[in-house]
Amino acid sequence: MKIAFIVWRFPALSEAFILNQITGLIDRGHDVRIHPVNGLPKNYTGKVHPVVEEYNLMERAYFPPLIPENISWQFIKGIGLLLKNLPYGSLKTLQIFDNKYGEEVASLKSFYRTNSLLQDGEYDIIHCQFGTLAPIALAYRDAGIIKGKLITTFRGIDISKYVQENGINVYEQLFREGEFFLANCKFFGDRAVNLGCDPTRIVVHGSGLDCTKFTFKPRFFPTDGKVKIATTGRLVEKKGIEYGIRAVAKLVETYPNIEYNIIGDGDLKAELEQLIAELNVGNVVKLLGWKQQKEIVEILDNCHIFIAPSVTAADGNQDAPVNTLKEAMAMGLPVISTFHGGIPELVEDGISGYLVPERNADAIATRLKFLLEYPEVWQSMGKAGRKRVEAKYDMNKLNDELVAIYQQMLETPADSLSSKQDLQTLVHI
């Protein structure tokens, strides 16, 4: 199969779950092309996930031309692209300026995005990796710029914050014209159905993890008494890291040998640094900044407990089952997280870890105190966590299922593609 992955930017270090799908499809003999509609990530430094280099994925990426800052040059270059691509039918790109497609599509930026698709737009499957990308793909397909059956994955921000900002009817056209849909957890799948998605044309398909890269190790109370706690995630409101810091601060006086390492970077770095200073826990809480996956694995390998205190952000943004949680659980760490989004589908409260209410530092501290006092439960929780991840989120199983879904889409006429019964044997419902 020839498959187009429509993404916002590439290569995005925080989206290893998309890389896992791309490499899995390549390993299975399929031709995957990557179309990042916004080009390279902002502040791109050349650092990439190791598999980007291993699979030469940059050679599979079709980037849109850079848009000049000068408005006059934008139009001049645009006319040049139009003339250059006349043999590829560039005149049909003018259709996207019809207001029926909305502001995101009916723009000069959107016109620039069509350049690579004109020269490589014939696909079996068009896979939009976030719901927010689907209106763009729909418009391009309607204009004849790209061809293929459209499948859309809802991953979090697109089915939470984006809906809150744009209204409950924002996906009305997509639900009507898109062939099939995936949600990375049941929580978001149910939300899509409540917004109007045909329940027979959506299934739950989680974000996969390469379990072989995360070695399981039973956790024991350290002989030196220094218990290391970790959190991995972007320093943004949704990750709730403030509450992890406050929880640790509540225990420092009683348990002075704990250490809290926070891996990640983001907009709230300065605020979190100030909070650490105010709570006087700078000797215990460390902001380690962004790390490569190999470095993260090394840090987690030497930790004992993992915290993922996710919260619903003020703008409505929510998490699916957090990939960093999967990684920690796969490595045998007992975890503390929250009753938030799709996380309860990953963490079984009291079995592989503990779940507490959002924005409740006291509840996190209570569970953390229990784990510090009863380290004998670490091993059973770690084993349960690894088993859970292997059963539900193994990358190889999920990639086999994804191929089966694609094949079902190609074999089934569009007007009868809604046979969810046929797909129930393929995916986690």
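When you check TYR393 against the structure, is it touching a strand residue (DSSP E or B) at 6+ places or on another chain (Cβ under 7 Å), at pLDDT 95 or above and not hydrophobic (A, V, I, L, M, F, W, C), yes or no?
Judged against the criteria, TYR393 is a match.
Being over 24 Å from the mean Cα position of the chain (by Cα) and more than 27 Å from LEU40 (Cβ to Cβ) narrows it down to one residue among ASP142, ASP198, ASP190; which is it?
Just a single option satisfies the conditions, and that option is ASP142.
Out of the residues in the range 1-14 that are under 16 Å from the mean Cα position of the chain (by Cα) and either in the same structural domain as ASP265 (by TED's automatic domain parsing) or crowded, with 21+ Cβ neighbours inside 10 Å (or both), state the one that is nearest to THR324 (Cα to Cα).
Selected residue: PRO11.
Across the range 243-260, which residue is farthest from PRO357 (Cα to Cα) among those that are surrounded by 18 or more Cβ atoms within 10 Å (Cβ to Cβ) and either within 24 Å of the chain's Cα centre (by Cα) or among the aliphatic types (A, V, I, L, M) (or both)?
Among residues in the range 243-260 that are surrounded by 18 or more Cβ atoms within 10 Å (Cβ to Cβ) and either within 24 Å of the chain's Cα centre (by Cα) or among the aliphatic types (A, V, I, L, M) (or both), the one farthest from PRO357 (Cα to Cα) is ILE258.
Kindly list the number of the only condition in (1) buried (at least 22 other Cβ atoms within 10 Å of the Cβ); (2) closer than 13 Å to TYR88 by Cβ that fails for GLY131.
Here GLY131 clears every test but (2).
Within the range 137-147, can you find the residues that are part of a helix (DSSP H, G or I) and either modelled with pLDDT under 90 or buried (at least 23 other Cβ atoms within 10 Å of the Cβ) (or both)?
Passing the criteria: ALA137, ALA139, TYR140.
Quick check on GLY233: is it in contact (Cβ under 8 Å) with a residue 24 or more places away in the chain, in the same structural domain as LEU333 (by TED's automatic domain parsing), small (Gly, Ala, Ser) and touching a Gly at 6+ places or on another chain (Cβ under 9 Å)?
Yes: the conditions hold for GLY233.
Quick one: in the range 220-242, which of the residues that are touching a strand residue (DSSP E or B) at 6+ places or on another chain (Cβ under 9 Å), of a type in the set (D, E, K, R) and not in a loop (DSSP other than H, G, I, E, B) is surrounded by the most Cβ atoms within 10 Å (Cβ to Cβ)?
My answer is LYS239.
Cβ-Cβ distance below 6 Å, separation of 6 or more or different chains: which pairs start in the range 373-395 with a residue that is in a helix (DSSP H, G or I) and end on one that is of a type in the set (Lys, Arg)?
As it stands, the answer is TRP378/ARG219; GLY382/ARG219; VAL389/LYS326; TYR393/LYS326, since those pairs meet every condition given.
Residues TYR55, TYR101, TYR44, TYR88: which one is modelled with pLDDT of 90 or more and among the hydroxyl-bearing types (Ser, Thr, Tyr)?
TYR55
How about the range 312-336: which of its residues are in a loop (DSSP other than H, G, I, E, B), farther than 18 Å from VAL163 by Cβ and more than 13 Å from the chain's Cα centre (by Cα)?
Within the range 312-336, MET331, GLY332, LEU333, PRO334 meet the criteria.
For the range 273-318, which positions are exposed (fewer than 15 other Cβ atoms within 10 Å of the Cβ) and either touching a Leu at 6+ places or on another chain (Cβ under 7 Å) or among the hydrophobic types (A, V, I, L, M, F, W, C) (or both)?
Within the range 273-318, GLU273, ALA277, ALA314 meet the criteria.
Give the range 179-199 a look and list any residue that's assigned to a loop (DSSP other than H, G, I, E, B) and touching a Lys or Arg at 6+ places or on another chain (Cβ under 6 Å), or say none.
Within the range 179-199, GLU179, ASN184 qualify.
I'd like to check something: does the range 187-194 contain any residue that is surrounded by fewer than 18 Cβ atoms within 10 Å (Cβ to Cβ), in contact with a Gly (Cβ under 7 Å, 6 or more places away or on another chain) and aliphatic (A, V, I, L, M)?
No: zero hits.
If I filter the range 272-285 down to residues being in contact with a helix residue (DSSP H, G or I) (Cβ under 8 Å, 6 or more places away or on another chain) and part of a helix (DSSP H, G or I), which single residue comes out as nearest to ARG234 (Cα to Cα)?
Checking each candidate, the answer is LEU272.
The values are calculated or read from the model by the stated rules, or taken from the named source; none is laboratory data. Just so it is clear, the structure is predicted and the values come from calculations on it, not from any experiment. Neighbour counts run over all protein chains shown; Cβ positions are idealised from the backbone, glycine included.
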